[in-house]
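Please read the structure below before turning to the comments.
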Amino acid sequence: MDTTPTPAGRPLAVWKGLTVSYVTPWAGERNISRDHLLLDNGGLRYSDEHSEDRDPRGGLWERWDGTYGDGAPQFGPFNSERQHTAMEHLLCQVCARPADRTTKGYLFLEPGRATVSKLEGSRTVQPPLCLPCALIARAQCPRLRNYVALRARKPSVWGLYGTAYVSCPRLAQRPTSSLAVDRECSVAYGTPELPYVLGNQLVREYRRVTIVNLDEEAARHTA
């Protein structure tokens, strides 16, 4: 799957005064995966599958159609292609430029309150951030009314989150009708379940975590 980002990032999109993250889908975009999705003994595949449909670790990913910026932003979910790009390359989820990194690691924001012991080894589908965008996210995102800022030296790729499918042979013999959603789940790379899950979010695992103060981080950045 080709997730090569634009090296220079992109201008921040603004909608009704709110900054729209790079990973946010728009109303004019849609998931078209079911149009050509099949299930056989080897797992899920597309009837017209191309090399870019799979990542280097064997995960099959959703297909999306449409144009970034078309219609209104759909705050909450991710565009899976852009989430994958940001997580794979550790780009800021808001502006798509490289995420902030210091000797303590990459910068992430997590909603709620947590200790280092709780965060260490936990998993996330939220891509990292650069410092300026972290301040924007804190100010605008309702989920971050309570939050913890952290740095992870080794935010290791763990697996993917997506849709697990089961076969329904009694249904009509059209490709889109021979599948039924089993559940949404997270699955680790290299496990037997991976071929049966259609990915929509790359999952990383926090390793070597340090909790930081976002305002102090920003002050040092501008000093």
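At-a-glance table
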item	result
Subset of the range 181-206 that is of a type in the set (D, E, K, R) and part of a strand (DSSP E or B) - its residue that is surrounded by the fewest Cβ atoms within 10 Å (Cβ to Cβ)	Arg183
Count - residues of the range 34-63 that are part of a helix (DSSP H, G or I) and polar (S, T, N, Q)	1
Whichever residue in the range 100-144 is of a type in the set (S, T, N, Q) and part of a helix (DSSP H, G or I) and, among such residues, is surrounded by the most Cβ atoms within 10 Å (Cβ to Cβ)	Gln140
Qualifying position, being open to solvent by less than 40 Å² (accessible area, probe 1.4 Å) and either under 16 Å from the mean Cα position of the chain (by Cα) or not polar (S, T, N, Q) (or both), among Glu62, Glu88	Glu62
Residues of the range 145-156 that turn out to be open to solvent by 40 Å² or more (accessible area, probe 1.4 Å) and not charged (D, E, K, R), as a count	3
Hits in the range 15-32 - residues which are within 22 Å of Gly59 (Cα to Cα), hydrophobic (A, V, I, L, M, F, W, C) and open to solvent by 20 Å² or more (accessible area, probe 1.4 Å)	Ile32
Condition met for Thr210 (over 24 Å from Ile32 (Cβ atoms), of a type outside the set (Lys, Arg) and at pLDDT 95 or above)	yes
Selection from the range 78-130 of residues that are in contact with a helix residue (DSSP H, G or I) (Cβ under 9 Å, 6 or more places away or on another chain) and of a type in the set (A, V, I, L, M)	Leu91, Val94, Ala96, Ala99, Leu107, Leu109, Val125, Leu129
Which listed residue is at pLDDT 95 or above and closer than 28 Å to Glu52 by Cβ, from Pro175, Pro155	Pro155
The range 207-223 residues that are assigned to a loop (DSSP other than H, G, I, E, B), paired with ones that are surrounded by fewer than 17 Cβ atoms within 10 Å (Cβ to Cβ) (beta carbon under 8 Å, 6 or more apart)	Arg207/Glu120; Arg207/Gly121; Arg207/Arg153; Arg207/Lys154; Arg207/Ser156; Arg208/Glu120; Arg208/Arg153; Arg208/Lys154
The range 64-99 - residue that is touching a residue at least 60 places away in the same chain (Cβ under 8 Å) and assigned to a loop (DSSP other than H, G, I, E, B) and, of those, farthest from Val20 (Cα to Cα)	Leu90
Subset tally (residues that are under 14 Å from Leu44 (Cα atoms) and small (Gly, Ala, Ser)) for the range 186-201	1
Where Asp35 falls short, out of the listed (1) open to solvent by less than 70 Å² (accessible area, probe 1.4 Å); (2) modelled with pLDDT under 90	(1)
Residue count for the range 38-59, restricted to those that are crowded, with 16+ Cβ neighbours inside 10 Å and either on the phi > 0 side of the Ramachandran plot or not aromatic (Phe, Trp, Tyr) (or both)	9
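The values are calculated or read from the model by the stated rules, or taken from the named source; none is laboratory data. Given the structure is predicted, the values throughout are model-derived calculations rather than measurements. With ideal geometry, Cβ positions are generated from the backbone for all residues, glycine too; neighbour counts draw on all protein chains shown. Just so you know, the surface numbers come from the protein's heavy atoms only, side chains and all, with ligands and any DNA or RNA stripped out. Shrake-Rupley method; radii C 1.70, N 1.55, O 1.52, S 1.80 Å.
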